[in-house]
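Following: one structure in C-alpha coordinates, then a few remarks.
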Amino acid sequence: MNDSPIGIFDSGIGGLTVARAIIDQLPNEELFYIGDTAHTPYGDKPLAKVREYALGVMDELVEHDVKMLVIACNTATAAVLADARERYSVPVLEVIKPAVRRAVSVTHNKRIGVIGTRATVKSGAYQDAFSAALDVHVEAAACPRFVEFLESGTDSGEEVLAAAEEYLAPLKAAGVDTLVLGCTHYPLLAGVISYVMGPDVTLVSSSEETAIDVYRTLQGENLMRTAATAPSHIFAETAPRVGRTSNFARLSQRFLGPAITHTTSIPAREENA
Ligand code: DGL
(Lines give C-alpha, C1' and ligand atoms only; values in the text may rest on other atoms or scores of the structure.)
Protein backbone atom coordinates (compact mmCIF):
# COMPACT_ATOMS: atom_id res chain seq x y z
CA MET A 1 0.00 0.00 0.00
CA ASN A 2 2.79 2.48 0.85
CA ASP A 3 4.01 2.57 -2.73
CA SER A 4 0.55 3.15 -4.18
CA PRO A 5 -0.17 6.63 -5.56
CA ILE A 6 -2.11 9.39 -3.84
CA GLY A 7 -5.38 9.92 -5.73
CA ILE A 8 -6.24 13.57 -6.30
CA PHE A 9 -8.90 15.26 -8.42
CA ASP A 10 -10.66 18.43 -9.41
CA SER A 11 -13.17 19.46 -12.05
CA GLY A 12 -10.23 20.49 -14.23
CA ILE A 13 -6.85 22.15 -13.84
CA GLY A 14 -7.48 23.91 -10.50
CA GLY A 15 -6.43 20.94 -8.39
CA LEU A 16 -3.01 21.14 -9.99
CA THR A 17 -2.29 23.96 -7.53
CA VAL A 18 -2.74 21.41 -4.74
CA ALA A 19 -0.81 18.74 -6.69
CA ARG A 20 2.06 21.21 -7.06
CA ALA A 21 2.22 21.77 -3.29
CA ILE A 22 2.12 18.01 -2.59
CA ILE A 23 4.93 17.38 -5.09
CA ASP A 24 6.94 20.17 -3.46
CA GLN A 25 6.41 18.94 0.09
CA LEU A 26 6.49 15.19 -0.64
CA PRO A 27 8.75 14.73 -3.66
CA ASN A 28 8.97 10.97 -3.20
CA GLU A 29 5.20 10.45 -3.43
CA GLU A 30 3.45 9.41 -6.61
CA LEU A 31 0.24 11.16 -7.73
CA PHE A 32 -2.67 9.92 -9.80
CA TYR A 33 -4.50 13.10 -10.80
CA ILE A 34 -7.84 13.29 -12.57
CA GLY A 35 -9.26 16.52 -14.01
CA ASP A 36 -12.94 15.90 -14.67
CA THR A 37 -12.97 17.83 -17.95
CA ALA A 38 -16.10 15.98 -19.09
CA HIS A 39 -18.09 17.71 -16.36
CA THR A 40 -16.24 20.96 -15.79
CA PRO A 41 -17.18 23.39 -14.36
CA TYR A 42 -18.62 21.99 -11.14
CA GLY A 43 -19.29 25.39 -9.64
CA ASP A 44 -22.46 26.21 -11.56
CA LYS A 45 -24.10 22.81 -11.00
CA PRO A 46 -26.37 21.60 -8.19
CA LEU A 47 -24.43 19.95 -5.36
CA ALA A 48 -26.22 16.63 -6.00
CA LYS A 49 -24.80 16.56 -9.54
CA VAL A 50 -21.31 17.48 -8.32
CA ARG A 51 -21.58 14.71 -5.74
CA GLU A 52 -22.39 12.18 -8.49
CA TYR A 53 -19.49 13.30 -10.68
CA ALA A 54 -17.05 13.40 -7.79
CA LEU A 55 -17.99 9.91 -6.61
CA GLY A 56 -17.44 8.65 -10.16
CA VAL A 57 -13.95 10.08 -10.23
CA MET A 58 -13.11 8.82 -6.74
CA ASP A 59 -14.42 5.33 -7.58
CA GLU A 60 -12.06 5.36 -10.54
CA LEU A 61 -9.11 6.39 -8.38
CA VAL A 62 -9.91 3.78 -5.73
CA GLU A 63 -10.08 1.11 -8.44
CA HIS A 64 -6.52 2.12 -9.29
CA ASP A 65 -5.56 1.31 -5.68
CA VAL A 66 -4.73 4.78 -4.46
CA LYS A 67 -3.73 4.89 -0.80
CA MET A 68 -5.40 8.24 -0.10
CA LEU A 69 -7.91 10.55 -1.76
CA VAL A 70 -7.40 14.30 -1.92
CA ILE A 71 -10.48 16.27 -2.97
CA ALA A 72 -8.58 19.17 -4.54
CA CYS A 73 -11.78 21.07 -5.21
CA ASN A 74 -13.81 23.23 -2.84
CA THR A 75 -17.09 22.62 -4.65
CA ALA A 76 -16.64 18.84 -4.47
CA THR A 77 -15.56 19.12 -0.82
CA ALA A 78 -18.79 20.95 -0.06
CA ALA A 79 -20.80 18.37 -2.02
CA VAL A 80 -19.35 15.02 -1.06
CA LEU A 81 -16.83 15.02 1.79
CA ALA A 82 -18.99 13.27 4.38
CA ASP A 83 -20.20 10.65 1.86
CA ALA A 84 -16.70 9.98 0.61
CA ARG A 85 -15.41 9.39 4.12
CA GLU A 86 -18.11 6.80 4.64
CA ARG A 87 -17.72 5.16 1.23
CA TYR A 88 -13.95 4.62 1.03
CA SER A 89 -11.59 2.84 3.36
CA VAL A 90 -8.62 5.08 2.47
CA PRO A 91 -8.14 8.49 4.16
CA VAL A 92 -10.04 11.30 2.39
CA LEU A 93 -8.52 14.80 2.62
CA GLU A 94 -10.11 18.08 1.60
CA VAL A 95 -9.35 21.75 1.02
CA ILE A 96 -11.82 23.81 3.07
CA LYS A 97 -10.70 23.20 6.67
CA PRO A 98 -7.00 23.72 5.86
CA ALA A 99 -7.78 27.14 4.31
CA VAL A 100 -9.99 28.14 7.24
CA ARG A 101 -7.29 27.16 9.74
CA ARG A 102 -4.74 29.30 7.92
CA ALA A 103 -7.08 32.29 7.52
CA VAL A 104 -7.94 32.31 11.22
CA SER A 105 -4.26 32.26 12.11
CA VAL A 106 -3.30 35.19 9.84
CA THR A 107 -6.19 37.66 10.24
CA HIS A 108 -5.63 40.66 12.51
CA ASN A 109 -8.97 42.42 12.24
CA LYS A 110 -11.02 39.18 12.19
CA ARG A 111 -12.73 40.22 8.97
CA ILE A 112 -12.20 37.43 6.46
CA GLY A 113 -13.31 37.29 2.85
CA VAL A 114 -13.98 34.07 0.94
CA ILE A 115 -14.29 33.80 -2.82
CA GLY A 116 -15.41 30.62 -4.53
CA THR A 117 -17.77 29.12 -7.05
CA ARG A 118 -21.49 29.81 -6.83
CA ALA A 119 -22.08 26.28 -5.52
CA THR A 120 -19.42 26.59 -2.80
CA VAL A 121 -20.66 29.97 -1.60
CA LYS A 122 -24.29 28.85 -1.67
CA SER A 123 -23.48 25.63 0.23
CA GLY A 124 -22.39 27.64 3.28
CA ALA A 125 -19.48 25.20 3.77
CA TYR A 126 -17.00 27.99 4.54
CA GLN A 127 -19.42 29.82 6.79
CA ASP A 128 -19.91 26.55 8.73
CA ALA A 129 -16.20 25.85 8.94
CA PHE A 130 -15.54 29.38 10.25
CA SER A 131 -18.34 29.19 12.79
CA ALA A 132 -16.06 27.41 15.26
CA ALA A 133 -13.75 30.45 15.34
CA LEU A 134 -15.00 33.08 17.78
CA ASP A 135 -15.64 36.66 16.66
CA VAL A 136 -14.75 36.15 13.01
CA HIS A 137 -16.83 38.04 10.46
CA VAL A 138 -17.00 36.22 7.10
CA GLU A 139 -17.93 37.89 3.83
CA ALA A 140 -18.33 35.52 0.87
CA ALA A 141 -18.60 36.23 -2.86
CA ALA A 142 -18.91 34.01 -5.92
CA CYS A 143 -16.63 34.65 -8.90
CA PRO A 144 -18.17 32.40 -11.57
CA ARG A 145 -16.19 33.64 -14.57
CA PHE A 146 -12.75 32.98 -13.04
CA VAL A 147 -12.91 29.22 -13.72
CA GLU A 148 -14.29 29.83 -17.21
CA PHE A 149 -11.34 32.16 -17.97
CA LEU A 150 -8.74 29.71 -16.68
CA GLU A 151 -10.16 26.59 -18.29
CA SER A 152 -10.16 28.41 -21.62
CA GLY A 153 -6.54 29.42 -21.14
CA THR A 154 -7.05 33.09 -20.23
CA ASP A 155 -5.26 34.18 -17.07
CA SER A 156 -4.70 37.89 -17.63
CA GLY A 157 -5.95 40.89 -19.61
CA GLU A 158 -8.54 43.63 -19.29
CA GLU A 159 -11.52 41.29 -19.13
CA VAL A 160 -10.07 39.34 -16.21
CA LEU A 161 -9.18 42.58 -14.41
CA ALA A 162 -12.67 44.01 -14.93
CA ALA A 163 -14.30 40.81 -13.61
CA ALA A 164 -11.97 40.80 -10.57
CA GLU A 165 -12.83 44.43 -9.81
CA GLU A 166 -16.53 43.68 -9.97
CA TYR A 167 -16.43 40.48 -7.88
CA LEU A 168 -14.05 41.80 -5.24
CA ALA A 169 -15.66 45.24 -4.69
CA PRO A 170 -17.98 44.05 -1.86
CA LEU A 171 -15.07 42.37 -0.07
CA LYS A 172 -12.97 45.51 -0.27
CA ALA A 173 -15.92 47.52 1.02
CA ALA A 174 -16.26 45.05 3.92
CA GLY A 175 -12.68 45.83 5.01
CA VAL A 176 -11.39 42.25 5.03
CA ASP A 177 -7.68 41.88 5.81
CA THR A 178 -7.54 38.22 4.70
CA LEU A 179 -9.00 36.67 1.57
CA VAL A 180 -9.45 32.92 1.19
CA LEU A 181 -9.10 31.70 -2.39
CA GLY A 182 -11.92 29.20 -1.90
CA CYS A 183 -11.56 27.56 -5.30
CA THR A 184 -8.43 25.67 -6.25
CA HIS A 185 -8.35 27.42 -9.63
CA TYR A 186 -7.96 30.86 -8.06
CA PRO A 187 -4.27 30.73 -7.03
CA LEU A 188 -3.64 30.87 -10.79
CA LEU A 189 -5.19 34.37 -10.66
CA ALA A 190 -3.47 35.42 -7.42
CA GLY A 191 -1.65 38.26 -9.21
CA VAL A 192 -4.76 40.06 -10.38
CA ILE A 193 -6.69 39.28 -7.18
CA SER A 194 -3.92 40.73 -5.01
CA TYR A 195 -3.58 43.72 -7.33
CA VAL A 196 -7.28 44.51 -6.90
CA MET A 197 -7.44 43.84 -3.13
CA GLY A 198 -4.26 45.79 -2.41
CA PRO A 199 -1.04 44.90 -0.59
CA ASP A 200 -2.57 44.95 2.91
CA VAL A 201 -4.83 41.98 2.25
CA THR A 202 -3.29 38.54 2.78
CA LEU A 203 -4.36 35.90 0.28
CA VAL A 204 -4.82 32.39 1.67
CA SER A 205 -4.83 29.40 -0.64
CA SER A 206 -5.50 25.90 0.57
CA SER A 207 -2.71 24.29 -1.46
CA GLU A 208 0.18 24.41 1.01
CA GLU A 209 -2.00 23.75 4.05
CA THR A 210 -3.65 20.76 2.35
CA ALA A 211 -0.22 19.37 1.43
CA ILE A 212 0.74 19.73 5.10
CA ASP A 213 -2.32 17.65 6.01
CA VAL A 214 -1.32 15.06 3.39
CA TYR A 215 2.12 14.84 4.96
CA ARG A 216 0.69 14.55 8.47
CA THR A 217 -1.77 11.83 7.49
CA LEU A 218 0.78 9.75 5.54
CA GLN A 219 3.15 9.97 8.49
CA GLY A 220 0.46 9.27 11.08
CA GLU A 221 -0.95 6.29 9.20
CA ASN A 222 2.46 4.95 8.28
CA LEU A 223 1.72 5.32 4.57
CA MET A 224 4.80 7.16 3.28
CA ARG A 225 6.17 5.79 0.00
CA THR A 226 9.27 3.71 0.59
CA ALA A 227 10.33 2.91 -2.99
CA ALA A 228 13.70 4.35 -3.97
CA THR A 229 12.70 4.80 -7.62
CA ALA A 230 11.60 8.23 -8.82
CA PRO A 231 7.83 8.65 -8.70
CA SER A 232 6.00 8.47 -12.00
CA HIS A 233 2.88 10.64 -11.81
CA ILE A 234 -0.22 10.17 -13.91
CA PHE A 235 -2.29 13.18 -14.98
CA ALA A 236 -5.53 12.18 -16.63
CA GLU A 237 -8.66 14.00 -17.70
CA THR A 238 -12.08 12.57 -18.34
CA ALA A 239 -12.78 12.83 -22.07
CA PRO A 240 -14.32 16.19 -23.00
CA ARG A 241 -17.92 16.28 -24.19
CA VAL A 242 -18.41 15.94 -27.93
CA GLY A 243 -17.73 19.22 -29.68
CA ARG A 244 -15.60 20.61 -26.85
CA THR A 245 -11.87 20.89 -27.02
CA SER A 246 -9.73 20.42 -23.96
CA ASN A 247 -6.84 22.58 -22.81
CA PHE A 248 -5.85 20.09 -20.12
CA ALA A 249 -2.60 18.88 -21.67
CA ARG A 250 -1.39 22.36 -22.59
CA LEU A 251 -2.46 24.03 -19.35
CA SER A 252 -1.33 21.27 -17.04
CA GLN A 253 2.09 21.28 -18.66
CA ARG A 254 2.25 25.03 -18.28
CA PHE A 255 1.23 24.98 -14.61
CA LEU A 256 3.13 21.90 -13.50
CA GLY A 257 5.95 21.90 -16.01
CA PRO A 258 8.37 19.03 -16.08
CA ALA A 259 6.53 17.06 -13.39
CA ILE A 260 4.16 15.89 -16.13
CA THR A 261 5.45 13.11 -18.31
CA HIS A 262 2.23 12.43 -20.17
CA THR A 263 -1.51 13.07 -20.00
CA THR A 264 -4.19 10.64 -20.94
CA SER A 265 -7.93 10.46 -21.47
CA ILE A 266 -10.38 8.12 -19.73
CA PRO A 267 -14.12 7.66 -20.23
CA ALA A 268 -16.36 9.75 -17.97
CA ARG A 269 -18.77 8.02 -15.61
CA GLU A 270 -22.27 9.38 -15.81
CA GLU A 271 -24.07 7.25 -13.25
CA ASN A 272 -23.38 6.43 -9.65
CA ALA A 273 -25.05 4.21 -7.18
N1 DGL B 1 -11.62 24.14 -8.62
C2 DGL B 1 -12.91 23.89 -8.12
C3 DGL B 1 -13.14 24.41 -6.73
O4 DGL B 1 -12.20 24.46 -5.97
C5 DGL B 1 -14.12 23.99 -8.98
C6 DGL B 1 -14.15 24.88 -10.16
C7 DGL B 1 -15.36 24.57 -11.03
O8 DGL B 1 -15.35 23.53 -11.66
O9 DGL B 1 -16.30 25.38 -11.05
O10 DGL B 1 -14.23 24.71 -6.35
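The values are calculated or read from the model by the stated rules, or taken from the named source; none is laboratory data. Note that the structure is a prediction, hence the values are computed from the model and not measured. Virtual Cβ from ideal backbone geometry, glycine too; neighbours counted across all protein chains shown.
List of remarks:
- The set of residues from segment 130-140 being in a strand (DSSP E or B) and either among the charged types (D, E, K, R) or more than 14 Å from the ligand (Cβ to nearest atom) (or both) comprises HIS137, VAL138, GLU139.
- Close pairs from segment 69-88: first within 17 Å of ASP44 (Cα to Cα), partner of a type in the set (Asp, Glu) and more than 8 Å from the ligand (Cβ to nearest atom), Cβ under 8 Å, at least 6 apart: THR77/GLU94
- Residue in segment 119-129 that is outside any helix (DSSP H, G or I) and within 16 Å of the ligand (Cβ to nearest atom) present: yes
- For segment 225-263, residues that are in a helix (DSSP H, G or I) and more than 19 Å from GLY153 (Cβ to Cβ) total 2.
- Evaluating THR154 against the criteria (1) modelled with pLDDT of 95 or more; (2) outside any helix (DSSP H, G or I); (3) hydroxyl-bearing (Ser, Thr, Tyr) leaves one unmet condition, (1).
- Filtered residues of segment 132-169 (kept if surrounded by fewer than 16 Cβ atoms within 10 Å (Cβ to Cβ) and under 17 Å from ARG111 (Cα atoms)): ALA132, LEU134, ASP135, HIS137, ALA169
- Among the residues of segment 200-257, those identified as among the hydroxyl-bearing types (Ser, Thr, Tyr) and surrounded by fewer than 19 Cβ atoms within 10 Å (Cβ to Cβ) are THR202, TYR215, THR217, THR226, THR229, SER232, THR245.
- Breaking point among (1) surrounded by fewer than 18 Cβ atoms within 10 Å (Cβ to Cβ); (2) polar (S, T, N, Q); (3) under 10 Å from VAL114 (Cα atoms), for SER194: (3)
- Look at (1) of a type in the set (S, T, N, Q); (2) modelled with pLDDT of 95 or more; (3) away from the ligand (no atom under 15 Å from the Cβ) and you find that ASN2 fails only one, number (2).
- Condition check for ASP44: outside any helix (DSSP H, G or I) and either farther than 16 Å from ILE8 by Cα or within 8 Å of the ligand (Cβ to nearest atom) (or both): yes
- All told, ILE13 meets the bar of being near the ligand (Cβ under 10 Å from one of its atoms) and crowded, with 20+ Cβ neighbours inside 10 Å.
- Any hit, segment 66-80, residues being out of contact with any helix residue (DSSP H, G or I) (no Cβ under 6 Å at 6 or more places or on another chain) and surrounded by fewer than 20 Cβ atoms within 10 Å (Cβ to Cβ): no
- Residue in segment 76-113 that is farthest from the chain's Cα centre (by Cα), counting only those that are among the acidic types (Asp, Glu) and not in a loop (DSSP other than H, G, I, E, B): GLU86
- Matching residues, segment 47-57, being more than 11 Å from the ligand (Cβ to nearest atom) and touching a helix residue (DSSP H, G or I) at 6+ places or on another chain (Cβ under 6 Å): LEU47, ARG51
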